[in-house]
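Any read-out appearing in this document is the output of simple, stated calculations on the displayed coordinates, not a laboratory observation. The model shown is predicted, which means the values in this text are computed figures rather than measured ones. Cβ placement follows ideal geometry from the backbone for every residue including glycine, while neighbour counts extend to all protein chains displayed.
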Amino acid sequence: MVITIDGPSGVGKSTVARAVANILSISYLDTGAMYRAATLAVIREGVDVTIETELLDVLARHTIGYAEIGITLDGEPVASDVRSEEVTDEVSAVSAHAGVRSQLVEMQRRWVADQDGDAVVEGRDIGTVVFPDARVKIYLSATPLVRAQRRAGDAEASGKTVAEIAAQISARDHTDSTRMASPLRAAEDAVVIDTSELSIDEVVDEILQYVSADV
């Protein structure tokens, strides 16, 4: 079974998805980390993020993996590197290219196939594009203020104020939801959960109820 968990940054996707995967004893995939790894490769090579052909050339020269240690680039653990401010600033531009998304979507599907088709997959277009036939689709949301407050404690916040983080989140939301390729949106058949006033455990419990109902 594939369980998709989509939503913008700061809604608790990663924490919730990991918890659900652990409880169900199935694999977990953070697709956002894959886009960040691709962006890290682009930055390291000094490629113009606006030129799709150059980005695709970079992807062809590198291998992105995901395992227990987290995201890897050519076998190198880069979980910390992909959370740098530089990567955060460029990841939306890199992931907006249809060619880039097409390659990474195929990579994500192969990864899940290697897990015998059982995984909790989180991202921004998992229920709409990557696994549109998934039996359980969840879309998490939260108010902008709550999302900014949550992000304030992350390493990638780099000492920014809540207002600065909120502005950054808003900018990325706009980019992700208006791009031509796989825009950020809830799938028509997704269950939408507002996490603003819910604890992680409450969100996880609600998702597990939907999973149990579908089994």
Hey, in the GNM for the chain with a 10 angstrom Cα cutoff, which one of GLY46, GLY32, GLY123 fluctuates hardest? GLY46
Here the convex hull volume per residue of the chain, taken over Cα atoms and given in Å³, is 113 Å³
Order of 138-149, 184-195 by packing, highest average Cβ count within 10 Å first? 138-149, 184-195
So for each of 81-90, 4-13 I average, over its residues, the number of other beta carbons within 10 Å; can you give me the resulting order with the highest mean first? 4-13, 81-90
Starting from the Cα of SER102, move 7 Å in the Cα-to-Cβ direction to define the label point; list residues of the stretch 39-53 whose amide nitrogen is under 11 Å from there. none
Expressed in Å to one decimal, the Kirkwood Rh of the stretch 1-119 from all distinct alpha-carbon pairs is 14.8 Å
ASP114 versus ASP48: modelled label distance in nm, points set 7 Å from Cα along the beta carbon direction: 3.4 nm
Sequence-distant residues sharing a close amide H with ILE71 (under 5 Å, placed H): VAL78, ALA79
About the Cα centre, and with charges only on the beta carbon of Lys, Arg (+1) and Asp, Glu (-1), how big is the dipole of the chain? Nearest 20 debye, please. 180 debye
If you split all Cα-Cα distances of the stretch 47-108 into 10 Å bins from zero, what percentages do you get per bin, shortest first? 20, 53, 26, 0
